[in-house]
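Each value in this text was obtained by applying a stated rule to the coordinates, not by laboratory testing. As the structure is a computational prediction, the values presented were derived from the model and not from experiment. Cβ atoms come from the backbone with ideal geometry, glycine included; neighbour counts cover every protein chain shown.
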Amino acid sequence: MVILFVALRLNLSDAMLNIDELIPLKVSEGMSSRGDLDPNWRLADLPWFWNIDQYNFYLYNIVAHGVLQAGAWLSAPPLPALRLANLVFQVFAFAFCIDAVRRIGLGRFGLALVGALLTVAPGMVQDAGMARPESLLYLIVALQIWILTLGLSAQWCGFLFGVILGLGVGIKVSYALAVVMIAVPWAISWRQRPSVEVLGGAALLCVGTALGFVAGAPYEVVHPRAFLSGLATLAEQYNFGQPPHSLQSYDPVSEALWIGRYFIELYGLVPLAALAAPFLLKGSTRNLGAGFVLVWVLLFVYFAGKAVFYERNFSFTLIPMLLAVGLATTALRQNYWRVTAAVVLLLPMGYWSIQIASAANDRASLRRFEAMNGLSPSLRLDFADVRANEVPASCQTVAIEDFNESWTAAYLVMLEGNGFHPIARYRSRFSTLVTSTLHTYLDTDVHYFRCPELRH
């Protein structure tokens, strides 16, 4: 299983998958040239990110800087070095999760199922291939879950959990929601514990979080205005939209359906199985399972209230959700139902993980399609051109990217209405899926039209 885990994630390509991958590179270059460890984006050569103060991904950028320095010493290219680091982060996350569920008391079947769920999780496979902080967050959340299973006193558990929580918040502020994983079990078992013990643990949780945040993101404490500037920028982006990762007309119900459709399409019945976990489990395991599920549900509700959907925002809730599913499936009484449930849960995720790994490692599929079909467009239109909603003035053949959203659908109809004749279509691996970064980063549909003046 570990071999499969690595095989699905191993990507040492030097090809940039998205512009975000320049952030750790440019931040690291800036810190090296100045001789400090201040990862403020404004001090790096990142003009396309608004050139304002912001400390987003703080701790990840510091860790990435260390990885890049080590990679340079070993003559390793930057992006492959960061992707290899992602694989290392996720392997350690896998190990912490397996040991955590072993400590909970799962048998061989449960351990194998949890390992399989983690191995073929589409989000984890996709995030392993990008130089972004999500893989480090997988490690951090797995470490927190492991701490919850160590059988420590409430004080020590709260303090250690808080330190890791503070480090996570130093990467993404939304990670603060991970506190639910410890708060819910404490709240459920309030009457079974001495109140002094729980209150002491809560106090040390706060102390640990503060210490972890200061240790993981010191310049955010030294320069609070820069920190708040970055938060304001993110708030504006998520409140006002960023097409194509936004609806043309936002409303929370449609946004929730969009997010829900993404998870159902890629994870099958996993979200529903996770919701059932607190009702199938018993005792302290039920308390943990409730915390695991609720952190994902609360984040779902939060982002349903935002005008932008990026699936990577759910990264740190993915492992808790999968562990809840593993616990719930193992709680089924009959072996027949356990095995059946495992197969049903794993097949959709396994299929899409293979597609994601294939797309990340094969960047030439579109070029092969065009060569095989003799396509050589004189004009290529990206999403910015589509949103401009203008008919090309002069061309022979035109290629238009399609992220399976309403803007492009309307634009294609307009082109046909203006005499453009469809001649071919490249169907990506993700044609049928709801719009996500799978389309915009890895593999997108492309429509080919013959321009009107050459039709006859």
Discussion item. For the range 325-445, take the convex hull of the Cα atoms, compute a quarter of its surface area, and give me that in nm², please.
Written reply: 10.1
Practice prompt. Please give the contour-minus-distance gain from VAL301 to TRP337: 0.36 nm per residue of separation, less the Cα-Cα distance, rounded to one decimal in nm.
Written response: 9.9 nm
Worksheet item: Per-residue HN-Hα couplings for the range 117-122, Karplus 6.51 cos²θ - 1.76 cosθ + 1.60 at θ = phi - 60°, whole Hz, x for Gly and Pro?
Response: 4, 5, 5, 9, 5, x
Worksheet item: Taking H as built 1.01 Å from N, whose amide H comes closer than 5 Å to the amide H of THR397, not counting residues under 5 places away?
Response: SER378, LEU379, CYS451
Response to the item:
Burial-style ranking of 101-112, 139-150, average other-beta-carbon count within 10 Å with highest first, yields 139-150, 101-112
Practice prompt. Can you tell me the 0 to 90 degree angle between the C-alpha axis of helix 195-216 and the longest principal axis of the chain, rounded to 10?
Written response: 40
Fill in: Descending Cα extents along the principal axes, the range 68-169, whole Å
45, 33, 21
Worksheet item: In nm, to one decimal, how far is the GLU265 label point from the ALA76 one, both placed 7 Å along Cα→Cβ?
Response: 3.4
Fill in: Under the Karplus curve 6.51 cos²θ - 1.76 cosθ + 1.60, θ = phi - 60°, whole-Hz ³J(HN,Hα) for the range 53-62, x wherever Gly or Pro sits
5, 6, 10, 4, 6, 3, 4, 4, 5, 5
Practice prompt. Place a +1 charge on the Cβ of each Lys and Arg in the range 34-107 and a -1 charge on the Cβ of each Asp and Glu, then give the dipole magnitude about the Cα centre in debye, rounded to the nearest 20.
Written response: 300
Worksheet item: What FRET efficiency comes out for the pair SER284/VAL2, r = Cβ-Cβ distance, R0 = 35 Å, nearest 0.05?
Response: 0.75
Worksheet item: Which value, to two decimals, describes the C-alpha radius of gyration of the range 393-456 once divided by 2.2 N^0.38 Å?
Response: 1.17
Item to complete: Identify, among VAL180, ASN287, MET414, the residue whose Cα sits farthest towards the positive end of the charge dipole of the chain, taking +1 on the Cβ of Lys and Arg and -1 on the Cβ of Asp and Glu, with the dipole about the Cα centre.
Response: ASN287
Item to complete: Could you work out how far helix 335-361 tilts from the main Cα principal axis of the chain, as a 0 to 90 degree angle to the nearest 10?
Response: 50
Practice prompt. Collect residues whose amide H, placed 1.01 Å from N in the peptide plane, falls under 5 Å from the amide H of ALA424; neighbours closer than 5 in sequence don't count.
Written response: TYR448
Worksheet item: What is the spin-label model distance, in nm, from TYR351 to ARG102 if the labels are put 7 Å beyond Cα along the C-beta direction?
Response: 3.4
Discussion item. Less than 19 Å from a label point 7 Å out along the Cα-to-Cβ axis of VAL207: which backbone N atoms in the range 155-197 qualify, by residue?
Written reply: 155-167, 183, 194-197
Fill in: Along principal axes, Cα extents of the range 142-264, largest first, whole Å
52, 39, 23
Fill in: Helix-only mean residue ellipticity at 222 nm for the chain, each DSSP H run of n ≥ 4 adding -39500 (n - 2.57), per residue, nearest 500
-20000 deg cm²/dmol
Fill in: Range of Cα positions in the range 222-359 per principal axis (Å), largest first
55, 36, 29
Worksheet entry | Under the Debye formula (equal points on every Cα, no solvent term), log10 I(q)/I(0) of the chain at q = 0.06, 0.10 Å⁻¹ | -0.29, -0.78
Worksheet item: Measuring from label point to label point, each 7 Å out along Cα→Cβ, what is the SER406 to SER358 span in nm?
Response: 3.2
Worksheet, complete the sentence: Sequence order, the range 81-87: Karplus ³J(HN,Hα) from phi using 6.51 cos²θ - 1.76 cosθ + 1.60, θ = phi - 60°, Hz rounded, Gly and Pro as x, gives 4, 5, 6, 5, 4, 4, 4
